[in-house]
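Let me begin by presenting the structure, written as structure tokens, before commenting on it.
The values are calculated or read from the model by the stated rules, or taken from the named source; none is laboratory data. For clarity, every value in this text was computed on a predicted model and none was experimentally measured. Positions of Cβ are generated from backbone atoms using ideal geometry, with glycine treated the same way; all protein chains shown enter the neighbour counts. Side chains included, ligands, DNA and RNA excluded: accessible areas come from the protein's heavy atoms. Shrake-Rupley method; radii C 1.70, N 1.55, O 1.52, S 1.80 Å.
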Amino acid sequence: MNLDVPTAAQTFEVQPPLGQILLQRGAIGENDLAKALNFQASFSGPLGAVLIRIGAVSEDAVLDALSMQLGLDVMSNERMPQDPAIYAAAIKASNLDSDWWIDQTALVWAGEQGVMHCISRDPLKPSLQEALLSAFPDNEIRWWLIRSRELEFMIDLVRRELKSDGRDIDGDVALLRELAEEAPVVELVSNVMSQAVNEAASDIHVEPREHEFDIRYRIDGVLQSRVTLPRSRFDAVASRIKLISGLDIAERRLPQDGRISVRMSGKELDIRVSCLPGVFGESIVMRLLLKEHKQFSLAKIGMAKDHLDVFAKHANEPHGIILVTGPTGSGKSTTLKATLEHIKDGKRKIITVEDPVEYNIPGVTQVQTKSEIGYTFARALRSILRQDPDVIMIGEIRDLETAQIAVQASLTGHMVFSTLHTNDSLSAFTRLIDMGLEPFLVASSVRQVMAQRLVRRLCPHCQRSQEPARAIREKCEKLRDQFPEVLPGEPQWFEAVGCTRCQNTGYRGRLGIYEVAVLDDEVGEMILHQRPMHEMQAAVRKNGFRDLMEDGLVKVWRGDTSVEEVIRVTGQAGIDGD
């Protein structure tokens, strides 16, 4: 858009106050606005920046509201010149001191037809408007809003281009602490976390390279790049994260783990922080966990009806062990929490032992292990058994001692739920025996094993019909013959496309794919005699077993996900030909 600034006295046509716009859009609450106004009265500063700083809203939401209020467009990173020399040339042409531009947090560059474009943290600042009118009296000036991280990134590049940044922060802990408290760094870290919450990211990755560092979000199980910043700013950002998570700023040679409890985008968060030293600096990963109670339901996590019926039936048994297997991030904990919600009836004592306790479940006693003081899963379980429980949930069976106590509990009348790291359901029996459990104990205590993975749901706004390969169609036809109740009607084949609502990924949200193996007498005998895996698989298939790939194709048939996504998660094993 064109925005002429003919005189220094010009003011932008302001719509309703920013706070009211954000309230009307539901981006903030009344309490957030009151808190921000009090903060502003005490410490001053633009209301939008204050709201971002206190974690009430993301910068993108504020910019959208400002764009409507002021009639200014938001400059995207793709449309900005990427060569810092372009900005440096315009700064020199202005005859204004380069340090003044840096202090104003503003940049200018020459566009087509004599237009001078200006991006700034505060385009309404009268002194800035007057300076540009004096510096470029014969040019049309176009003002833009811009995200802080993109503006700061480019300013840093321009500063280096102008050779005005000579600070060396390596090894200076006092300076690191000072930089970590600077407003731009505080705002950048706060906005990165707030934006991650808005995009429903599970993790934030801050990864240093030789000359830059990347910030990436894990959304629906896939890492997506969000911003790249100069390496010179990494130490300040890393120090800020370490400072608020209670870590040692000076320690860069050893791994560290910390935790942050914070409010972001109107939500209470528990953030687990992990720092791992690398060649170019510390890799920092932040796991985002919402503190609010989440409603878990077995019916909503993606189980087909036959799997749900079998799993729910065994979950209500009075004793035995049910295992959920899969790699890290496959949704095992969510499945177990949904299971506890399903069986919770107020008549049974349910106790969990977890590391860490990610979600609070009302009516369930949850125990947090602390390995640093020797309070391990095994030690916690011994205490739990003296609490007269009916149901025990163990976060993970990691060693023989924990496995032995779990078996002992199941054989003495307790229902035990736990997780195990294996590639498929039947491998759980081999894994327990490899740990040191006797085969007869495995066969007599384990009732059911369920393996799972998470696949991304197709975005309903941009999905497109697709005819899959012949091998896929033939495989699905065989599955329909085997499971007519699970694959009713005609198939709904779709592929991912990508639109603005799904960040151009083609997917929004995730659902589970499962394989459920029930341990009957025949399978129990095979475990006792440690029969080969293919024989056990043939035995469980008699009772309606299907593997992860096949259950994924069930979800493809229904139009929930795509063939490509299922293959990405499970591989191509089991699909022959084209």
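Details
- Cα gyration tensor shape for the range 101-165, rounded if a/c is under 1.5, else prolate or oblate: prolate
- Debye, to nearest 20: dipole size of the chain, +1 on Lys, Arg Cβ, -1 on Asp, Glu Cβ: 1280 debye
- Rg of the Cα atoms in the chain, relative to 2.2 N^0.38 Å, amounts to 1.16.
- Of the residues Thr376, Thr352, the one with the largest accessible area comes first in the ranking Thr376, Thr352, computed with a 1.4 Å probe on protein heavy atoms.
- At R0 = 25 Å, FRET efficiency that the Cβ-Cβ distance of Gln40 and Glu268 yields, to 0.05: 0.65
- Of the peptides 471-477, 495-501, the order by per-residue mean of other Cβ atoms within 10 Å, starting with the highest, comes out as 471-477, 495-501.
- Relative contact order (percent, whole number), the chain, Cα cutoff 8 Å, 6+ residue spacing: 10 percent
- Summed over the residues of the chain and divided among them, the accessible surface reaches 46 Å² per residue at a probe radius of 1.4 Å.
- Protection proxy ranking of 507-518, 403-414, 81-92 - average other beta-carbon atoms within 10 Å, highest first: 507-518, 403-414, 81-92
- The chain - percent of accessible surface contributed by carbon and sulfur, probe 1.4 Å: 47 percent
- Sequence of Ser283, Ser134 when ordered by accessible area, the most exposed leading, probe 1.4 angstrom: Ser134, Ser283
- Shape call, the range 81-223: gyration tensor on alpha carbons, a/c limit 1.5: prolate
- Note on exposure: Ser76, Ser418 ranked by accessible area (1.4 Å probe, complete protein assembly) read Ser76, Ser418, with the most exposed listed first.
- Distance between the modelled labels on Leu528 and Arg253, one decimal in nanometres: 5.8 nm (7 Å Cα→Cβ projection).
- The simple spin-label model puts a point 7 Å past each Cα toward its Cβ; for Asp345 and Glu317 those points are separated by 1.7 nm.
- Using a probe of 1.4 Å, the accessible surface attributed to Asp73 totals some 50 Å² when neighbouring protein chains are kept in position.
- Taking 0.36 nm per residue of separation and subtracting the current Cα-Cα distance, fully stretching the chain between Asp73 and Ala469 would add 138.1 nm.
- Look at the alpha carbon pairs under 8 Å that are at least 6 residues apart: their mean separation over the length of the range 425-554 gives a relative contact order of 37 percent.
- Of all beta bridges that DSSP places with both ends in the chain, some 65 percent have antiparallel geometry.
- Counting every alpha-carbon pair across the range 421-464, the share separated by more than 15 Å comes to 57%.
- Cysteines in the chain lacking any other cysteine Cβ under 4.7 Å from their own Cβ: Cys118, Cys275, Cys476.
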